[in-house]
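See structure below.
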Amino acid sequence: MTRSGSGDSRQADLLLVVASVVLVGVVAFSPAGEWTPLAIVVGIPFVLLVPGYALVSAVFPRAGETAPGATARTSWLARLGLSVGGSVVAVAVVGGVLEFTVWGFQRPAVVAGLCLVTLGATAVAWARRRRVPADVRAGTDLGSVRDWTVAAVTDEGALGIALTVLVLVAGVGAVGVVAQEATDTAGVTEFYLLGENDSGELRAGDHPTELTVGDPTTVGIGVGARGPDGFEGTVVGRLERVTVENDTVTVTDAEELVRFPVSVAAGESTVTRHTVRPTTAGDDLRLTYRLYRSGAQSPVRQVHVWVHVSDEA
């Protein structure tokens with residue numbers, strides 16, 4: 001059977017991936033993203049399918065590789081299933097990496113991370129497809145997308161629809177497992193650490209890494225509430241000496257630096273300045289801030305940076 005469309009036209013699916021990244025970026029980083037229904041309608045399909053589809057496209061540049069010997073429709077269903085699994089992996093990896101950064105597992109950081117992963121995988125997919133003969137190249141053109149959609153709801157489409165729904169339901173469940181970590185943080189979508197630059201402004205990229213015993217260093221602790229009830233709690237800052245063994249971090253000594261209450265109205269955010277004056281010197285110390293909900297014993301969020309504290313000059 002002859003494939004329709006030229007080699008370049010069969011990159012339409014990758015163009016749709018890039019367009020979806022742009023759409024999600026606009027929604028996530030604009031006031032429109034504060035409207036929950038729009039964020040859900042745009043965000044869930046993206047998180048569930050798009051990063052995984054880009055990864056699958058990068059790994060399988062040839063048509064039929066995801067389901068050898070299958071029909072075109074079955075091959076696309078297999079690619080869809082792999083896309084859901086790939087998206088789950090992408091969310092887990094991005095979230096895990098962010099937990100070790102100053103941004104933490106926050107919505108803006110997760111969206112930015114997923115967008116970067118998606119664009120990177122899309123670029124790899126485009127380059128790999130260009131090296132494959134056009135007649136066996138994966139992808140599709142806009143006309144094929146239209147024809148496949150019509151076939152899905154007419155000729156023997158019931159089975160395809162059922163399989164698609166099952167794949168999506170399974171994917172939603174898997175993404176739910178990944179998102180379980182954030183359920184206790186409902187109402188708090190922002191907790192971050194800022195550093196002071198030479199002009200006295202607080203910026204995300206200027207957090208301190210070199211401190212001196214007794215010398216003051218100013219940081220900013222930001223808290224944002226996106227839940228309907230706002231947030232009431234406490235921020236505790238500590239300088240910790242830790243050991244790391246087999247991916248397990250153990251705090252062996254800690255100096256509490258600050259403890260202060262925080263109250264944030266729904267939809268608002270606040271930044272509190274804190275002057276750090278360490279009394280403990282050492283290498284690879286962890287400057288950690290934890291956010292506790294009022295009355296809770298366990299923190300809902302945590303941010304930290306690694307610092308070197310030298311003795312007084």
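No lab work stands behind these numbers, since they all come straight from the coordinates. Predicted, not measured: the structure shown is a model, and the values here were computed from it. Cβ sites come from the backbone with ideal geometry, for glycine too, and all protein chains shown count toward neighbours.
Observations
- Sorted peptide list for 109-115, 122-128, criterion being average Cβ within 10 angstrom, highest first: 109-115, 122-128
- Restricting segment 237-313 to GluC sites (Glu not before Pro) that sit in a DSSP loop and have at most 14 other Cβ atoms within 10 Å of their own Cβ leaves 268, 312.
- Between residue 271 and residue 201, the modelled label-to-label distance comes to 0.9 nm, taking each label 7 Å out from Cα in the direction of the beta carbon.
- Gain on full stretching of the segment that runs from residue 127 to residue 310 - 0.36 nm per residue minus C-alpha separation: 61.0 nm
- Segment 188-310 shape via C-alpha gyration tensor axes, a/c threshold 1.5: oblate
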